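Only one structure is covered here, and it is reproduced in the block below.
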Amino acid sequence: MNEFRFNALSYALAKQVPAMERGFTIATSYGDIEIDAEDAAKVADVVRVIVARQLSALMSAAEVGEAWTLEQQDDVGCIRDARGMEIVTTYFGEAVRIFEAHNAAIDAKLSRGEA
């Protein structure tokens, strides 16, 4: 598994995507697009699913259809792989969204007959 890519995707899910919910700028070769907080949460939800699928695909390359577990302690959630290795720790609501996106990615693979 590409550890650098894994770390980048985990960081994106834990820090960058939640930060998007306050608003952000999309930089293109033709200029910037400002996304304000009113619309940012909707875009962040889409990005969260995409990044979680990428992380799931990276993990699945090592072990197809690998099940993750979600643990909660107070308001913190920790997602672990089938071997018990920590994938990401973040606030519980975010961990639930990541966990659900991973499960949706596995379900999509199963429905396509890929797992």
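The values are calculated or read from the model by the stated rules, or taken from the named source; none is laboratory data. Computed from a predicted model, the values in this text were never measured in an experiment. We work out accessible area using only protein heavy atoms, side chains counted, and drop any ligands, DNA or RNA first. Shrake-Rupley method; radii C 1.70, N 1.55, O 1.52, S 1.80 Å.
Would you mind calculating the relative contact order of the chain from Cα pairs under 8 angstrom and at least 6 residues apart, reporting the percent as a whole number?
Once divided by the residue count of the chain, the mean separation gives 23 percent.
Which value in deg cm²/dmol, rounded to the nearest 500, describes the helix-derived mean residue ellipticity at 222 nm for the chain, given -39,500 (n - 2.57) per DSSP H run of n ≥ 4 and division by the residue count?
-16500 deg cm²/dmol
Whole number please: convex hull volume per residue, Cα atoms of the chain, in Å³.
115 Å³
Measure off, as a whole percent, the carbon and sulfur share of the 1.4 Å-probe accessible area of the chain, all protein chains present.
The value for the chain is 54 percent carbon and sulfur by accessible area.
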